[in-house]
Every structure is written in C-alpha cells, then in structure tokens.
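Scroll down for the structure; my scribbles are underneath it.
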Amino acid sequence: MAEYWNTVITPRDKLLAIDWKEVWRYRDMYVLFVERSFKTAYKQTVLGPLWFLITPVLSVIVYVAVFGGVAHISTDGTPPILFYLLGISVWGYFAACLTGTSNSFVTNADIFGKVYFPRIIMPLVAVTTQLLYFCIQLLIFIAAYIYYVAIGTDLTIHWQVILFPFLIILLAFMAVGTGMIVSSMTTKYRDLQIIFAKVISLWVYITPVIYPLSMVTNPKLHFAMSLNPVTPVIEAIKYSLLGVGQFSWGWLAYSAGFTVVIMVIGLAIFNKVQKSFMDTV
C-alpha cells in the first residue's frame with residue numbers, strides 16, 4: 001500500500017538559498033526561543049534582570065580605574081565614562097552575537113535532533129536577544145550622556161548619528177557571517193570553540209574600544225588596525241555620538257564589503273554543513 005506524506009523535509013541544493021517564507025511560518029518558534037534566551041540568562045539569580053544594567057556599569061568602573069586612572073590612556077577629551085560605556089556596549093553586542101552564532105549548532109544539538117525548523121533561526125535568535133541587551137545598555141549611555149550635557153560638558157553630536165542603526169546592523173551581519181563559519185567548523189572540530197573564544201578575548205585589544213585610534217601614531221600600525229573590519233564601524237559610532245574618532249566613507253565601505261563577503265561564505269558553509277550536521281555532532 002502506497003504511503004502519502006503531507007510534508008517532506010529534504011536538504012536544500014542551493015548553498016545561498018534562504019526560504020524566508022518558511023522562516024516566517026516558524027515565527028512563533030523564533031519568538032519562543034528569543035523569550036527563552038532572555039528569561040534564562042539570569043534565571044535563579046537574586047538580582048535577575050538588573051544584571052543587564054550592573055554588568056556594563058561594573059565594567060566601566062574597572063576600565064576607568066585601570067586604563068584611565070592607572071594607565072592614563074587618553075579618551076580624546078571625552079569623559080571616560082561615556083567613552084568606555086559606548087565602546088563596551090558596542091563591542092559587547094558584536095562579541096555576544098559572534099559567540100552566540102558560533103555556538104548555534106553545538107548548543108542546540110538536542111533540539112535539532114528532535115524537531116524540525118529552519119536552522120537559520122538560531123543565529124537570528126542570538127542577534128535579536130543580544131540586541132535587547134544592547135538596547136538596555138544604550139539607555140544607560142543615554143542617561144549618562146544627558147547628565148554630562150546637564151552639567152555643561154562640551155559634547156558634539158554629528159549628523160552621521162543617523163547612520164547609527166545601519167552601523168549596528170552592519171556589526172550584527174558581520175558577527176553572523178563569521179559565526180556561521182565557526183559554528184559549521186566546530187561541529188567536527190570542538191577545539192575550535194576554545195580557540196575562537198580566545199580569539200574574541202584578544203580581538204578587543206586590536207580594536208579601538210578602550211583607547212582611541214588617534215593614539216596609534218605609527219602609520220603602518222594605524223593602517224593595520226584599520227584593516228580590522230570592526231574598527232571603522234566603532235570609530236564612526238564614536239565620531240557620530242561623541243565627536244571623537246575618525247569617520248571615513250572609504251573605510252566604512254571596506255567594512256560593508258567585508259560583511260557581504262563573509263555573509264555569503266558563512267551562509268554557503270552553514271547550508272552545506274546543516275545537511276549532515278546531526279550525523280557529525
């Protein structure tokens with residue numbers, strides 16, 4: 001007797017294909033995963049969601065004390081609290097998206113083996129969850145900014161501030177593209193998880209987060225650090241909101257081009273690996 005099925009799940013042949021209609025059909029699961037990630041982040045903790053506020057504040061205090069008070073690293077005349085708070089928030093968003101995406105296969109292996117849904121949802125969940133955290137931290141920055149303006153601190157906002165959403169999206173896609181490459185490789189080589197975690201922890205020091213790019217006076221070193229695709233984005237954000245840093249359309253175009261390339265490569269590898277992911281992991 002012939003068997004008939006309502007739905008047949010087969011791997012996709014096109015490496016760059018994303019069925020956005022299918023992703024939309026599973027939007028309820030996407031929302032459920034976002035809520036789960038947000039609620040369980042500090043589950044069974046005394047302070048709960050307050051950690052979203054406490055963590056960046058503690059980090060800023062340490063940075064101000066160590067890099068500002070002890071190392072006397074310049075902040076280009078900007079109040080250190082604003083300088084470090086903005087840098088930590090933006091870099092933290094990028095690093096968290098990168099980590100969440102790079103672990104999407106391994107950390108969700110049990111779910112992938114029990115129920116079907118578009119695998120691309122998990123990187124999207126990581127980006128969305130971290131965006132919620134980033135918005136909370138951004139409110140702290142806005143409150144601190146208003147305080148410094150109220151006491152008469154000279155701060156400059158340039159018109160490029162309208163590019164802020166685009167710059168954050170650019171960082172998100174850069175993180176997703178890189179993370180998908182790493183997540184696809186870690187399904188077979190788990191050592192890469194440890195190595196990549198170290199890479200991220202060191203990456204921040206070659207990015208102008210705790211220091212301004214202007215203090216790098218060596219032309220060759222300055223150029224090498226600008227090749228870091230995150231550098232032009234963070235510098236542009238600092239320039240638009242704080243009036244310091246370096247804004248360059250050319251270097252932003254470079255970061256955007258890098259993001260497009262890394263997204264194409266990441267998506268192709270991600271789609272290829274997910275066909276046999278459960279057999280490998």
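The figures follow:
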item: Residue match in region 154-171 (condition: farther than 30 Å from ILE120 by Cβ, part of a helix (DSSP H, G or I), β-branched (Val, Ile, Thr) and under 20 Å from the mean Cα position of the chain (by Cα)); result: yes
item: Filter result for ILE262 (among the hydrophobic types (A, V, I, L, M, F, W, C), part of a helix (DSSP H, G or I) and touching a Gly at 6+ places or on another chain (Cβ under 8 Å)); result: yes
item: Per-region count, region 54-75, residues part of a helix (DSSP H, G or I) and either crowded, with 17+ Cβ neighbours inside 10 Å or not hydrophobic (A, V, I, L, M, F, W, C) (or both); result: 9
item: Which listed residue, of GLY250, GLY266, GLY243, GLY177, is of a type in the set (Gly, Ala, Ser) and modelled with pLDDT of 90 or more; result: GLY250
item: Neighbours by Cβ (under 8 Å, 6+ apart or cross-chain): first from region 191-214, farther than 24 Å from GLY243 by Cβ; second at pLDDT below 85 and not in a helix (DSSP H, G or I); result: GLN193/ASN103
item: Test for LEU32: is it surrounded by 13 or more Cβ atoms within 10 Å (Cβ to Cβ), within 22 Å of the chain's Cα centre (by Cα) and at pLDDT 75 or above; result: no
item: Residues within region 76-127 that are assigned to a helix (DSSP H, G or I), within 23 Å of TRP20 (Cα to Cα) and touching a residue at least 12 places away in the same chain (Cβ under 8 Å), tallied; result: 16
item: Subset of region 110-135 [hydroxyl-bearing (Ser, Thr, Tyr) and over 19 Å from the mean Cα position of the chain (by Cα)]; result: TYR116
item: Which numbered condition VAL244 fails, given (1) without any contact (Cβ under 8 Å) to a residue 24 or more places away in the chain; (2) over 21 Å from the mean Cα position of the chain (by Cα); result: (1)
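Let's see how each residue does on (1) over 30 Å from ILE111 (Cβ atoms); (2) part of a helix (DSSP H, G or I):
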residue	(1), (2)
TRP203	no, yes
PRO208	yes, no
THR217	yes, no
PHE223	yes, yes
VAL233	yes, yes
ALA236	yes, yes
LEU252	yes, yes
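The values are calculated or read from the model by the stated rules, or taken from the named source; none is laboratory data. The structure displayed is predicted, hence computed values, not measured ones. Using ideal geometry, Cβ is built from the backbone for each residue, glycine included, and neighbour counts are taken over all protein chains shown.
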